[in-house]
1. Those residues that are of a type outside the set (A, V, I, L, M) and in contact with a Phe, Trp or Tyr (Cβ under 7 Å, 6 or more places away or on another chain), I need them from the stretch 117-135; list them, please.
2. In contact with a strand residue (DSSP E or B) (Cβ under 6 Å, 6 or more places away or on another chain) and either at negative phi or aliphatic (A, V, I, L, M) (or both) - does that describe any residue in the stretch 106-113?
3. If you scan the stretch 105-122, which residues turn out to be in contact (Cβ under 8 Å) with a residue 60 or more places away in the chain and closer than 28 Å to Gly74 by Cα?
4. Go through the stretch 88-100 and give me each residue that's surrounded by 14 or more Cβ atoms within 10 Å (Cβ to Cβ) and free of Cβ contacts under 8 Å to residues at least 24 places away in the same chain.
5. Counting only residues that are of a type in the set (A, V, I, L, M, F, W, C), at pLDDT 90 or above and in contact with a helix residue (DSSP H, G or I) (Cβ under 8 Å, 6 or more places away or on another chain), give me the helices (runs of 4 or more DSSP H) lying completely in the stretch 49-153 with at least 1 of them.
6. Kindly provide the set of residues from the stretch 13-45 that are at pLDDT 85 or above and more than 18 Å from Ile96 (Cα to Cα), ordered by number.
Amino acid sequence: MGHNIKNGRPILENCGNYTVYAQMDSELGNSIFLPQRFKLDLLHDYAPNATFILNVRPAEEWVKSVSNWFGLGGRFLNLFKIDPKKVARYEVLKEIFNNHTQFIRDFVQVHPSHSLVEVDISHSSAGTILADSFGLIESCWGRHNENKKRKST
């Protein structure tokens with residue numbers, strides 16, 4: 001997804017005419033860009049009736065995941081200009097996750113034209129929740145992107 005907005009063009013202009021946009025972040029060197037967090041007003045302007053899917057899980061699981069996924073935890077610290085040498089990394093990453101989750105909930109509450117489907121991706125009923133929310137069969141949803149070989153650091 002191109003995130004350079006020029007001349008007021010919509011944020012999703014060059015992304016195709018789709019009904020679903022997912023995993024909108026992009027990694028830029030040692031940083032990360034999260035339009036679903038920092039350009040949410042533009043996304044709202046472009047799709048004011050969009051349904052947001054908020055994937056949640058225990059914050060500790062998210063921290064473990066980003067810490068074991070090719071330096072992603074460090075890119076989150078860079079994004080928020082946090083010096084990892086000056087903070088308790090684990091606690092700061094938990095705070096980043098919890099703040100983002102609350103930010104999305106608050107945004108949807110302030111913008112009631114949106115629907116929010118919140119699903120705990122660590123729970124066995126995650127597929128059922130998604131299937132029920134979108135009128136699909138549960139077998140459409142599965143667990144992907146697991147890194148079983150890496151150990152927590």
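The values are calculated or read from the model by the stated rules, or taken from the named source; none is laboratory data. The model shown is predicted, which means the values in this text are computed figures rather than measured ones. For neighbour counting, all protein chains shown are included, and Cβ atoms are generated from backbone atoms with ideal geometry for every residue, glycine included.
1. Across the stretch 117-135, the qualifying residue is only Gly127.
2. Yes; the residues of the stretch 106-113 include at least one that is in contact with a strand residue (DSSP E or B) (Cβ under 6 Å, 6 or more places away or on another chain) and either at negative phi or aliphatic (A, V, I, L, M) (or both).
3. Across the stretch 105-122, the qualifying residues are Phe107, Glu118, Val119, Asp120, Ile121, Ser122.
4. Those that are surrounded by 14 or more Cβ atoms within 10 Å (Cβ to Cβ) and free of Cβ contacts under 8 Å to residues at least 24 places away in the same chain: Arg89, Val92, Glu95, Ile96.
5. On the way: elements: 59-67, 72-79, 89-110, 126-134.
Here the list reads 59-67, 72-79, 89-110.
6. Passing the criteria: Asp41, Leu42, Leu43, His44, Asp45.
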